[in-house]
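J.: The structure's right below; bear with me while I get my questions together.
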Amino acid sequence: QVHLVESGGGLVQAGGSLRLSCAASGIIFSLFDMGWYRQAPGKQRELVATFTSGSRTAYAEAMEGRFTISRDNAKKMVYLQMNGLKPEDTAVYYCNAVLGAAIYWGQGTQVTVSS
């Protein structure tokens, strides 16, 4: 059974930093493209960053330069370092794993940025 478990969310002041972690199990982690998405209240889920199995990274424009995605295939972990947080970054952040038609999601972790 596949599990993606996020952690590291919380309440932080504007300008602060958080590091999110996602622990994967039940998949051959190194084969999967991993990503972070977020969903703010009343808004659609949106892409934050991706880290492919081929070690390519990509970021949404609003996060470029502030957020950094990384992965550790040996530990089956993916991380999101978030710096310079803004109130508009407040959302539930989800971990995502994709391999072809196989798509898995974590349960999400809340990030709240106060002004």
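The values are calculated or read from the model by the stated rules, or taken from the named source; none is laboratory data. All figures in this text were calculated on a predicted structure; none of them were measured in a lab. Don't worry about glycine lacking a Cβ; one is built from the backbone with ideal geometry, like all the others, and counts go over all protein chains shown. Just the protein is used for accessible areas: all its heavy atoms, side chains included, with ligands, DNA and RNA removed. Shrake-Rupley method; radii C 1.70, N 1.55, O 1.52, S 1.80 Å.
J.: Counting only residues that are among the β-branched types (Val, Ile, Thr) and within 24 Å of MET63 (Cα to Cα), which one in the range 1-33 is surrounded by the most Cβ atoms within 10 Å (Cβ to Cβ)?
T.: Result: VAL12.
J.: Could you tell me whether any residue of the range 53-62 is open to solvent by less than 20 Å² (accessible area, probe 1.4 Å) and closer than 23 Å to THR90 by Cβ? It would help to see each step written out before you state the result.
T.: Taking the range 53-62 as the starting set, the residues that turn out to be open to solvent by less than 20 Å² (accessible area, probe 1.4 Å) are none.
Taking every residue of the range 53-62 in turn, none turns out to be open to solvent by less than 20 Å² (accessible area, probe 1.4 Å) and closer than 23 Å to THR90 by Cβ.
J.: Another question, then. Has the range 80-92 got any residue that is hydrophobic (A, V, I, L, M, F, W, C), touching a strand residue (DSSP E or B) at 6+ places or on another chain (Cβ under 6 Å) and farther than 20 Å from LEU4 by Cα?
T.: Quick first cut of the range 80-92, residues hydrophobic (A, V, I, L, M, F, W, C) only: 80, 82, 85, 91-92.
Subset that is touching a strand residue (DSSP E or B) at 6+ places or on another chain (Cβ under 6 Å): 80, 82, 85, 91-92.
Okay, now just the ones that are also farther than 20 Å from LEU4 by Cα, so 85.
Taking every residue of the range 80-92 in turn, at least one turns out to be hydrophobic (A, V, I, L, M, F, W, C), touching a strand residue (DSSP E or B) at 6+ places or on another chain (Cβ under 6 Å) and farther than 20 Å from LEU4 by Cα.
J.: Filter the range 37-47 down to the residues that are of a type outside the set (D, E, K, R) and out of contact with any Asp or Glu (no Cβ under 9 Å at 6 or more places or on another chain), then identify the one that is surrounded by the fewest Cβ atoms within 10 Å (Cβ to Cβ).
T.: GLY42
J.: Can you tell me which residue within the range 67-112, out of those that are over 22 Å from PHE29 (Cβ atoms) and in contact with a Lys or Arg (Cβ under 6 Å, 6 or more places away or on another chain), is most open to solvent (accessible area, probe 1.4 Å)?
T.: ASN83
J.: Do we have any residue at all in the range 45-64 that's without any contact (Cβ under 8 Å) to a residue 12 or more places away in the chain and among the acidic types (Asp, Glu)?
T.: Yes - at least one qualifying residue is present in the range 45-64.
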